[in-house]
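Engineer: My structure is below; once you've seen it, I'll send some questions.
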Amino acid sequence: MASEREESPTVRRRRLAAELRRLRKESSLTTDQVAKALEVSQSSISRIETARQGIKINDLRALLTLYQVPENKAEDLLKLARQARQQGWWQVFGDVVPESFQAFVGLETEARQRRSYDMSLIPGLLQTPDYHRALVNAELINRTSEEVDRKIEFRLARQRQTLGSEDLELCFIVDEASLHRLPENIKTGQLPHLIETSERPNVNLHVLPFGAGIHAAMDGSFVILGFGAPDPDVVYVETQLSGLYQEQPAAIRRYNLVYEDLRAKALDARMSRDLLAKLAKEV
């Protein structure tokens, strides 16, 4: 039975931002003109329209009046704004999860499809606690044991929320290099865990073998989140210090093309499980 996922305030804010941007353009107003009308900075309007900042209810009412939005439509947007102000399940882990990644988890929570390529790491949704602990300890950041435990607690909560939802299609392509980087004492748990998780009905796991040679994603890992209309897809690329988002149609098309190239060169699901089983036996 499919579990229900919590609704994401991050997606609500993004949807509201897109609608406010559309309404402003239909009103033939610039962000500077709107900012002056509301007596706020132009940068605040820009951040609201790109979902980087929330909007106060009173400011939203003033915007909707400025844009001459009909009462019934205005009520729908006010409701959407209130939903966007709610707390997501991941926000209780704000002490150990950076804001940039909280935003990503908010989007992931409501996506319909998640496709990713991981070049040197096992993706977080597929990591065992032991593997994640080893990664945290390798970050060259001094953390207390309590902080490490909290990060693992968050990782497990995210896995329950995401893997446990059969209405989310999960597609992983992992580079064979990430499998060989596993320490011997972690392989015994991580490899069987990958096999077991790959058998879930909503999970597709493919290994990109060394034999694939040079490919279109040699420059790094990425995640494509698909939502379906009216919400556009998002590409997320994580860096050492933050996360980068791509939402432009041209960028989405490019990453989709790259993903399809990787998928064509990767092993199919059965062959990927066979390789994982072979490596597990060698431990």
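Engineer: For segment 201-213, which residues satisfy the criterion of being open to solvent by 50 Å² or more (accessible area, probe 1.4 Å) and part of a helix (DSSP H, G or I)? Walk me through how you get there before you give the answer.
Structural biologist: Looking only at segment 201-213, we keep the residues that are open to solvent by 50 Å² or more (accessible area, probe 1.4 Å), and these are 201, 204, 210-211.
Within segment 201-213, 210, 211 qualify.
Engineer: Continuing with the same structure: Take the residues in segment 30-53 that are in a loop (DSSP other than H, G, I, E, B) and within 14 Å of residue 17 (Cβ to Cβ), then tell me which one is least open to solvent (accessible area, probe 1.4 Å). Show your work before the answer.
Structural biologist: Just the residues of segment 30-53 that are in a loop (DSSP other than H, G, I, E, B), to begin with: 30, 39-41, 50-53.
Pick out the ones that are also within 14 Å of residue 17 (Cβ to Cβ) and you get 50-53.
Working: 50: 70, 51: 27, 52: 162, 53: 55 Å².
Per the criteria, the residue is 51.
Engineer: Which condition number does residue 82 fail, the rest of (1) of a type outside the set (Ser, Thr, Tyr); (2) open to solvent by 70 Å² or more (accessible area, probe 1.4 Å); (3) not in a helix (DSSP H, G or I) being met?
Structural biologist: Answer for residue 82: the failing condition is (3).
Quick grid of which residues meet (1) within 30 Å of residue 214 (Cβ to Cβ); (2) assigned to a helix (DSSP H, G or I); (3) over 19 Å from the mean Cα position of the chain (by Cα):
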site: 91; (1), (2), (3): no, yes, no
site: 97; (1), (2), (3): no, no, no
site: 100; (1), (2), (3): no, yes, no
site: 121; (1), (2), (3): yes, no, no
site: 125; (1), (2), (3): yes, yes, no
site: 131; (1), (2), (3): yes, yes, yes
site: 140; (1), (2), (3): no, no, yes
site: 146; (1), (2), (3): no, yes, yes
site: 153; (1), (2), (3): no, yes, no
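Engineer: Separate question: For residues that are in contact (Cβ under 8 Å) with a residue 24 or more places away in the chain and touching a helix residue (DSSP H, G or I) at 6+ places or on another chain (Cβ under 8 Å), scanning just segment 65-77, find the one that is surrounded by the fewest Cβ atoms within 10 Å (Cβ to Cβ).
Structural biologist: So, considering only residues that are in contact (Cβ under 8 Å) with a residue 24 or more places away in the chain and touching a helix residue (DSSP H, G or I) at 6+ places or on another chain (Cβ under 8 Å), the one surrounded by the fewest Cβ atoms within 10 Å (Cβ to Cβ) is 66.
Engineer: I've got another one for you. Might you let me know whether segment 214-237 holds any residue that is open to solvent by less than 20 Å² (accessible area, probe 1.4 Å), over 30 Å from residue 17 (Cβ atoms) and either of a type outside the set (Ser, Thr, Tyr) or in contact (Cβ under 8 Å) with a residue 24 or more places away in the chain (or both)?
Structural biologist: No: segment 214-237 contains no residue that is open to solvent by less than 20 Å² (accessible area, probe 1.4 Å), over 30 Å from residue 17 (Cβ atoms) and either of a type outside the set (Ser, Thr, Tyr) or in contact (Cβ under 8 Å) with a residue 24 or more places away in the chain (or both).
Engineer: Oh, and also: What are the pairs with Cβ atoms under 7 angstrom where one residue, in segment 183-201, is more than 18 Å from residue 270 (Cβ to Cβ) and the other, located anywhere, is open to solvent by 100 Å² or more (accessible area, probe 1.4 Å) and modelled with pLDDT of 95 or more? Sequence gap at least six, or different chains.
Structural biologist: 186/130; 189/130
Engineer: A further question follows. Out of the residues in segment 177-200 that are touching a helix residue (DSSP H, G or I) at 6+ places or on another chain (Cβ under 7 Å) and farther than 19 Å from residue 134 by Cα, which is surrounded by the most Cβ atoms within 10 Å (Cβ to Cβ)?
Structural biologist: Filtering first and then ranking leaves 198.
Engineer: Do we have any residue at all in segment 163-172 that's of a type in the set (A, V, I, L, M), modelled with pLDDT under 95 and surrounded by 19 or more Cβ atoms within 10 Å (Cβ to Cβ)?
Structural biologist: The answer is yes, given that some residue of segment 163-172 is of a type in the set (A, V, I, L, M), modelled with pLDDT under 95 and surrounded by 19 or more Cβ atoms within 10 Å (Cβ to Cβ).
Engineer: So, one more: Working only within segment 245-283, note down all residues that are over 27 Å from residue 104 (Cβ atoms), open to solvent by 40 Å² or more (accessible area, probe 1.4 Å) and either aromatic (Phe, Trp, Tyr) or outside any helix (DSSP H, G or I) (or both).
Structural biologist: Across segment 245-283, the qualifying residues are 268, 282, 283.
Engineer: Further question: Out of all the residues in segment 105-119, is one or more over 23 Å from residue 224 (Cα atoms), in a loop (DSSP other than H, G, I, E, B) and not β-branched (Val, Ile, Thr)?
Structural biologist: No, the conditions are met nowhere in segment 105-119.
Engineer: Say whether the condition of being closer than 13 Å to residue 19 by Cα, part of a helix (DSSP H, G or I) and among the basic types (Lys, Arg) is met by at least one residue in segment 54-77.
Structural biologist: Yes, segment 54-77 has at least one match.
Engineer: Go through segment 214-244 residue by residue and tally those that are part of a loop (DSSP other than H, G, I, E, B), among the acidic types (Asp, Glu) and under 15 Å from residue 108 (Cβ atoms).
Structural biologist: So the answer is 2.
The values are calculated or read from the model by the stated rules, or taken from the named source; none is laboratory data. For clarity, every value in this text was computed on a predicted model and none was experimentally measured. Every residue, glycine among them, receives a Cβ derived from its backbone with ideal geometry; neighbour counts consider all protein chains shown. Each accessible area value is taken on the protein alone, full model and side chains, heavy atoms only, with ligands, DNA and RNA left out. Shrake-Rupley method; radii C 1.70, N 1.55, O 1.52, S 1.80 Å.
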